[in-house]
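In what follows, a structure is listed as structure tokens, so that the remarks can point back to it.
The values are calculated or read from the model by the stated rules, or taken from the named source; none is laboratory data. Here the structure is a predicted model, which is why all the values come from computation and not from measurement. Quick reminder, even Gly has a Cβ in these numbers, built from the backbone with ideal geometry, and neighbours come from all protein chains shown.
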Amino acid sequence: MLERAERAIQNLAENYEAELTEDLAQLKKHLECAEWTDAQHYAYKIKSAAGTMGWPLISTASNFLVHALTGRDQIPQFEDIILIQFETLDLIHKEGMKGEDPCGVLLVKELFAVLENYGVRAPI
């Protein structure tokens with residue numbers, strides 16, 4: 001039974017990239033239209049699935065975005081921060097930085113540093 005479950009997760013992970021591409025497109029659309037609740041929904045959806053599907057860096061970066069969207073009223077230069085976060089997500093995806101890709105790990109660490117420079121404490 002465990003072997004069947006592992007195969008099912010593997011099949012889902014192999015097909016996840018198309019879903020991730022669509023979710024990122026929806027996220028971008030909602031961010032551009034300042035539809036924060038819908039953007040938060042997609043950021044959370046990406047955060048929740050990406051790690052299990054082999055994209056832990058996207059999951060981490062999405063978690064930062066969820067955190068920023070949740071506290072948007074207290075964040076100075078909110079739109080700048082959202083843009084930086086989305087561009088990071090998009091770059092990780094476009095460059096195929098799956099797993100613990102060293103360049104992706106560095107990129108997420110840099111994102112964390114940028115957020116802290118803006119006064120945003122990103123969740124760990």
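If Asp101 passes every condition in (1) more than 17 Å from Glu22 (Cα to Cα); (2) free of Cβ contacts under 8 Å to residues at least 40 places away in the same chain but one, which one does it miss?
It is condition (2) that Asp101 fails.
Looking only at the range 23-44, decide whether some residue is in contact (Cβ under 8 Å) with a residue 40 or more places away in the chain, acidic (Asp, Glu), surrounded by 14 or more Cβ atoms within 10 Å (Cβ to Cβ) and under 27 Å from Asn117 (Cα atoms).
Within the range 23-44, none of the residues are in contact (Cβ under 8 Å) with a residue 40 or more places away in the chain, acidic (Asp, Glu), surrounded by 14 or more Cβ atoms within 10 Å (Cβ to Cβ) and under 27 Å from Asn117 (Cα atoms).
Select from the range 65-116 the residues that are surrounded by fewer than 16 Cβ atoms within 10 Å (Cβ to Cβ) and in a loop (DSSP other than H, G, I, E, B) and list them in ascending order.
Result: Gly71, Pro76, Gln77, Glu95, Gly96, Gly99, Glu100.
Does Gly119 satisfy being surrounded by fewer than 16 Cβ atoms within 10 Å (Cβ to Cβ), assigned to a loop (DSSP other than H, G, I, E, B) and at pLDDT 90 or above?
no
Quick one: is Gly96 modelled with pLDDT under 95, under 13 Å from the mean Cα position of the chain (by Cα) and closer than 27 Å to Arg7 by Cβ?
When the stated conditions are applied, Gly96 does not pass them.
Being over 26 Å from Tyr118 (Cβ atoms) and either over 14 Å from the mean Cα position of the chain (by Cα) or among the polar types (S, T, N, Q) (or both): is that true of Arg7 here? Before you say what the answer is, go through the steps one by one.
Values: over 26 Å from Tyr118 (Cβ atoms): yes; either over 14 Å from the mean Cα position of the chain (by Cα) or among the polar types (S, T, N, Q) (or both): yes.
In short, yes.
So if I check each of Thr37, Thr60, Thr52, Thr21, which one is assigned to a helix (DSSP H, G or I), β-branched (Val, Ile, Thr) and under 22 Å from Lys109 (Cα atoms)? Talk me through it step by step, then tell me what you get.
Numbers: Thr37 fails: under 22 Å from Lys109 (Cα atoms); Thr52 fails: assigned to a helix (DSSP H, G or I); Thr21 fails: under 22 Å from Lys109 (Cα atoms).
Residue meeting the stated conditions: Thr60.
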